[in-house]
Amino acid sequence: MATRGILVVDDDQSMCRMLEEVLSDNGYRVSAFTRSFEAVEAFEPRQHDLVITDVKMPGLDGLEMLDRIRRKDRAVPVIMITAFATVDLSIQALRKGAYDMVTKPFEPEELLYRVRNALRQTELAYENRELREELGERRPFGQVVGNSPELHAVMETARKVAARPLPVLITGESGTGKELVAQAIHQASDRRDAKFVAINCGALPQSLLESELFGFRKGAFTGADRDRKGLLEVADQGTLFLDEVGNLPMGVQKTLLRFLEEKEFYRLGETQPCRVDVRIVSATNADLGAAVKRGEFREDLLYRLNVVNLRMPALRDRGADIPLLAAHFLREQNLRFGTEVRGFTPDAMDLLRRCRWPGNVRQLRNVVEASLAVETGATLSARVVAQFLEPPPDGSPAPPLAGLDYASALARFEREYLSQLLRSTGGNVEEAAAQAGMDVTTIYRKMKRREVPREGVG
């Protein structure tokens, strides 16, 4: 196995040097930085298997750095180091995607133990990613969880347009799963064997965004010490996903429009055009039509990007999918951390159903993950879940399980959950059992007890 690469960031030079020595002495390939901005620039997905960063640093602190690292690579684990550990800080870090937190002072053996656990997570994440890519042709939309009519209509359109290299604009509120659908479109297309490349158009200033998209020649600007391909070239024969495309600066919009019209572009500092074959899928939570009227977005570019529009429904508009999504995230976390939390109490599920979910599916994932981080019981309780939910507004609908005793509430929840699960798998009990984290015998017994037919309708 290749030597594992670890990115270390701590503004304290002595601490940074100690971390580098401990890790290097144990066979790891270490890139150490005392300046967080430089560390973010140096981080490359698949080049680093783990990130270890201090929390309190000047300029870009650890939480901000965690956020930027996760934008580049959602799979890489990040260990946070702090001398001021609090429950609030831990929850905030976990919500942003931190794998673990280590409190100073610590023994080298403790750090190495946490590092080994985190690297096992990296290996599992890469194996899962490769497996999803391998199965992509057969079930490219399998990672989009839900069976509500609202989501089903969007997925049907996505399946139809996947086979044609048309530009697709995915709209909807933040957290509704736009990038997941973009990945599914790529995997369902004949470009699946090439790369799916994503960039957040709102995360970089214009100068960096232009060089990231189109590349540059050596000497094109100060610091350009070598030729570099842009993401359009990297995605040749594949798909380029432009997230938050409404944030594209006007200068970059003009260059992108020329590429969409001519299928060619110029690297910065280059005099010869570069031609590539790339499908463009973009996404936004903004009203681009209003942006056009304000003069902030080119109307001709909008026409080019919006050949097919997919409008992702908000989670509050597909409430029937909440139990399925919550169970899916619960199972993910159990697999990731080796826990065995069995499910949600009826009151906890009732809270999830009543929430308006302004952050949509992403918020639901965060709530489940944060709840599991502090839950000590065998099931997620309403007391724990409520800590991470905003209280429902006055006049909200009465909870669907109100007035029922515990046994009746549990029976209703299991019946609805199993029905939706079986519908989503087309009646495949074995697959439903795998998604629910149950063995097949248990799910058959529950189907019989709750009178749920194999088709999930009833």
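How many percent of all Cα-Cα pairs in segment 16-104 sit more than 14 Å apart?
Numbers: 2472 of 3916 pairs.
Summing the P(r) of segment 16-104 above 14 Å gives 63 percent of all pairs.
How big is segment 202-268 in terms of Cα radius of gyration and Dmax, in angstroms?
Cα radius of gyration and Dmax of segment 202-268 are 11.8, 31 Å respectively.
Filter K96/K448; K96/K293; K178/K218; K195/K218; K96/K446 down to the pairs with a C-alpha to C-alpha distance above 29 Å, please.
On the way: K96/K448 41 Å; K96/K293 35 Å; K178/K218 35 Å; K195/K218 25 Å; K96/K446 36 Å.
The answer is K96/K448; K96/K293; K178/K218; K96/K446.
Taking 0.36 nm per residue of sequence separation and subtracting the Cα-Cα distance, how much length would be gained by fully extending the chain between R362 and M155, in nm to one decimal?
Working: separation 207, 0.36 × 207 = 74.52 nm, distance 1.85 nm.
This chain segment gains 72.7 nm when fully extended.
Quick check: pseudo-label points 7 Å beyond the Cα along Cα→Cβ at T379 and D317, how many nm apart are they?
According to this spin-label approximation, the distance is 3.3 nm.
Based on the Kirkwood radius over alpha-carbon pairs, what is the Stokes-Einstein translational diffusion coefficient of segment 136-281 at 25 °C with 0.890 mPa s viscosity, in µm²/s?
Answer, rounded: 151 µm²/s.
Can you send over the carbon and sulfur percentage of the accessible area for the chain, probe radius 1.4 Å, protein chains only?
Values: 10820 of 22960 Å².
Carbon and sulfur together cover 47 percent of it.
Provide the per residue accessible area, probe 1.4 Å, for the chain, rounded to a whole number of square angstrom.
Working: 22960 Å² over 458 residues.
Value returned for the chain: 50 Å² of accessible area per residue.
As an exercise, identify the chymotrypsin sites (Phe, Trp or Tyr not before Pro) in segment 216-281 lying in DSSP coil whose Cβ has no more than 15 other Cβ atoms within 10 Å. Spell out each step's value before the answer.
Details: sites: F216, F221, F241, F259, F265, Y266; in loops: F221, Y266.
Taking segment 216-281 and a limit of 15 other Cβ atoms within 10 Å, the loop chymotrypsin sites (Phe, Trp or Tyr not before Pro) found are F221.
Taking 0.36 nm per residue of separation and subtracting the Cα-Cα distance, what length does fully extending K229 through Q47 add? Write down the numbers at each step before the final one.
Numbers: separation 182, 0.36 × 182 = 65.52 nm, distance 1.72 nm.
Answer, rounded to one decimal: 63.8 nm.
Which FRET efficiency value, to the nearest 0.05, is calculated for R294 and A203 with the Förster distance at 25 angstrom and r the Cβ-Cβ distance?
Given R0 = 25 Å and the Cβ-Cβ separation, E is 0.70.
Ratio of the chain's C-alpha Rg to 2.2 N^0.38 Å, to two decimals? Spell out each step's value before the answer.
Numbers: Rg = 23.7 Å, N = 458, 2.2 N^0.38 = 22.6 Å.
Rg over 2.2 N^0.38 Å, computed on Cα atoms: 1.05.
Calculate, in nm to one decimal, what Y444 and Q387 gain on full extension: separation in residues at 0.36 nm each, minus their alpha carbon distance.
Numbers: separation 57, 0.36 × 57 = 20.52 nm, distance 3.46 nm.
The span from Y444 to Q387 would gain 17.1 nm if fully extended.
Give the residues of segment 29-72 whose amide nitrogen is closer than 14 Å to a point set 7 Å from the Cα of M18 in the direction of its Cβ.
Under 14 Å, as judged by backbone N against the label point of M18, lie 54 of segment 29-72.
Starting from the coordinates of the alpha-carbon atoms of segment 279-350, obtain the Kirkwood hydrodynamic radius over all distinct pairs and give the value in Å to one decimal.
Details: mean 1/r = 0.0623 Å⁻¹.
For segment 279-350, the Kirkwood estimate is 16.0 Å.
Of the chymotrypsin sites (Phe, Trp or Tyr not before Pro) in segment 16-113, which ones lie in a loop per DSSP and count no more than 10 other C-beta atoms within 10 Å? If you can, show how the numbers build up before the last one.
Values: sites: Y28, F33, F37, F43, F84, Y99, F106, Y113; in loops: Y28, F43, F84, Y99, F106.
Counting only loop positions with at most 10 other Cβ atoms within 10 Å, the chymotrypsin sites (Phe, Trp or Tyr not before Pro) in segment 16-113 are F84.
As a test of the formula, what do you get for the chain when each DSSP H run with n ≥ 4 contributes -39,500 (n - 2.57) and the sum is divided by the residue count, at 222 nm and rounded to the nearest 500 deg cm²/dmol?
Numbers: 19 runs with 216 residues, N = 458.
When only DSSP H runs of four or more count, the value is -14500 deg cm²/dmol.
At 1.4 Å probe size, put D190, D54 in order of accessible surface, largest to smallest.
Numbers: D190 125, D54 10 Å².
Ranking D190, D54 by accessible area, largest first, yields D190, D54.
Work out how far the C-alpha atoms of segment 171-216 reach from end to end along every principal axis, then list the three figures in whole Å, largest first.
Rounded to whole Å, the extents work out to 33, 29, 10 Å.
The values are calculated or read from the model by the stated rules, or taken from the named source; none is laboratory data. Note that the structure is predicted; figures quoted are calculated from it, not measured. Heads up, the Cβs are rebuilt from the backbone with ideal geometry, glycines too, and the neighbour counts pull from every protein chain shown. Ligands, DNA and RNA are excluded from the accessible area calculation, which covers all protein heavy atoms including side chains. Shrake-Rupley method; radii C 1.70, N 1.55, O 1.52, S 1.80 Å.
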